[in-house]
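Every number in this text was worked out from the coordinates using simple rules, so none of it is lab data. On a predicted model such as this, the values are computed, not experimentally measured, just so you know. As a convention, Cβ positions derive from the backbone with ideal geometry for all residues, glycine included, and neighbour counts pool all protein chains shown.
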Amino acid sequence: MDCCSQPGLLSVHDALLRMHQQLTPVQEAEWVELAFALDRVLAESVLASINVPAGDNSAMDGYALRTGDAQTEGAVFDVIGQSLAGHPFRFTEQEGVQSALGKMQVVRIMTGAMIPGGADAVVMQENVTRTAQTLHLNKLVVQGENIRRAGDDIKKGSEVLSKGHRISALDIGLLASLGIARIKVWRKLRIAVLSTGDELLSLGSTHDEDKIYDSNRPLLCALLQRLNVEIKDIGIIADDLLGLRAAFMRAAQWADVVISTGGVSVGDADYTKTILEELGQIDFWKVAMKPGKPFAFGRLGAGWFFGLPGNPVSTAVTYHQLVVPAVRYLAGEKSVESVQLNAIAKQSFKKHPGRMDFQRGVLASEQGVNTVVSAGSQSSGVLSSMAKANCYIRLEAERGTVLPGETVTVIPFDSFIR
């Protein structure tokens, strides 16, 4: 057991469960234009008001006919017109009162065009010989061939997307195919972000060897954009009790969620903990995970607080594994499990039993078998290896060092961390 794996630390599973049991999803909804709905969360299910496709249409360029007339190769048909996408064949215009194909009649038809009345199949144009007004059948046709039926894609009245679904670009296309211009979504969460520490430098300032540039805040603000929330950057707050209290109060007055980095590790000035106990309530302070043991969760005013470690990799991992599920739930999104795969370790991975370890790896496929190697240094301060990785190698708390050839669980990076 490593020196940070004290007994009694909250497991990752229990930390997620405790947050979920306390958090209450946003209740205010609003209507938005479909063009601005990307990554918003549906406040009500969407039902189809029409069939898609709206009517029977052709899946091929060819000729619509009655299969009862097409029982022998070489059969000869009269071509009485054509049906184009958006311009269906009209019997009333072409054949007076006729409303369906007559015996040995066909209609030239293009992909996506409506099937004329009476036709029950489409023969591909490659399987016929065409003269000026007649058609010779070169291949037998079966009923329903090359016809897409009304509602094959979406049936009228069916649920297209359910309440709590996060809208993707493909979903926008799907909703547009139904003619939907506006949808009802939950309002955006308001999230304030701040970094703490006297050692931090703002971007663009003169470099100082005794200090480091603040990478955590830009990282978090960028990642939060993937969740389509309102973001307020509170800035860098020095290790000063009065200044930190004022920053937390300012953030809490506006935000549903406040995320801070730094100031939660053993040995740091305990201003963050002191202020949280004064302005809110701390639920838990440490989690049995690596990297990221010093992770705080609790209330801050009327909202919620997430305190992330100061090391950049620890910030990224705890944000992704703990904060993202909580924020998605707060935003009204339905629970979505992360994709997990088995992979063969191509090298050894050092680990001590005690905490669940999220090592950074590179997942590949070799002759259909998933393999994984380390993305580089597993130090919580080395963000470059996190940037090179495409997955976590999730090693169970009780597991020790992994040897080459052993099977491990990997979690491919999703859009919330890339």
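May I ask you to evaluate 6.51 cos²θ - 1.76 cosθ + 1.60, the Karplus curve with θ = phi - 60°, for each residue of the range 396-402 and list the ³J(HN,Hα) values in order in whole Hz, giving x for glycine and proline?
4, 4, 7, 7, x, 4, 9
By the gyration tensor of its Cα atoms, with a ≥ b ≥ c the square roots of the eigenvalues, what is the shape of the range 341-412: rounded for a/c under 1.5, prolate for a/b over b/c, or oblate?
It comes out oblate by the Cα gyration axes.
Would you calculate a helix-derived [θ] at 222 nm for the chain, using -39,500 (n - 2.57) for each DSSP H run of n ≥ 4 and dividing by the full residue count, to the nearest 500?
Dividing the helical sum by the residues of the chain leaves -5000 deg cm²/dmol.
Can you tell me, using C-alpha contacts under 8 Å and at least 6 residues apart, the relative contact order of the range 341-412 as a whole percent?
Computed value for the range 341-412: 48 percent relative contact order.
Extending each Cα 7 Å along its Cβ direction at residue 159 and residue 47, get the distance between those two points in nm, one decimal.
1.2
Please state the charge dipole magnitude for the range 109-189, taken about the Cα centre, from unit charges on C-beta atoms (+1 on K and R, -1 on D and E), reported in debye and rounded to the nearest 20.
For the range 109-189, the charge dipole is close to 680 debye.
Can you list the residues, at least 5 places off or on another chain, whose amide H is less than 5 Å from the amide H of residue 165, using H built in the peptide plane?
Sorted by chain and number, the residues that satisfy this are 42, 334.
Where nothing but the Cβ of Lys and Arg (+1) and of Asp and Glu (-1) is charged, how large is the charge dipole of the chain around its Cα centre, in debye to the nearest 20?
Using Cβ point charges on Lys, Arg, Asp and Glu, the chain gives about 340 debye.
Specify whether the C-alpha gyration tensor of the chain places it in the rounded, prolate or oblate class, a ≥ b ≥ c being the square roots of the eigenvalues: rounded for a/c under 1.5, otherwise prolate if a/b is larger than b/c and oblate if not.
Verdict is prolate for the chain.
Taking the alpha-carbon centroid of each part, what is the distance from the range 197-258 to the range 283-323 in angstrom?
The range 197-258 and the range 283-323 have Cα centres spaced 15 Å from each other.
Can you tell which of 228, 311, 57 shows the greatest fluctuation in a Gaussian network model of the chain with Cα springs below 10 Å?
Most flexible of the set in this elastic network: 57.
In nm, give the distance between the simple-model label positions of residue 131 and residue 350, each being 7 Å from the Cα along the Cα-to-Cβ direction.
Here the answer is 8.6 nm between the modelled labels.
Return the long-range amide H neighbours of residue 29 (sequence gap of 5 or more, or a different chain), with a cut-off of under 5 Å between placed amide H atoms.
Residues meeting the criterion, in which the H sits 1.01 Å from N, are 187.
Considering amide H positions built from the backbone, and no H for Pro or chain starts, which residues 5 or more places from residue 60, or on another chain, come under 5 Å of its amide H?
112
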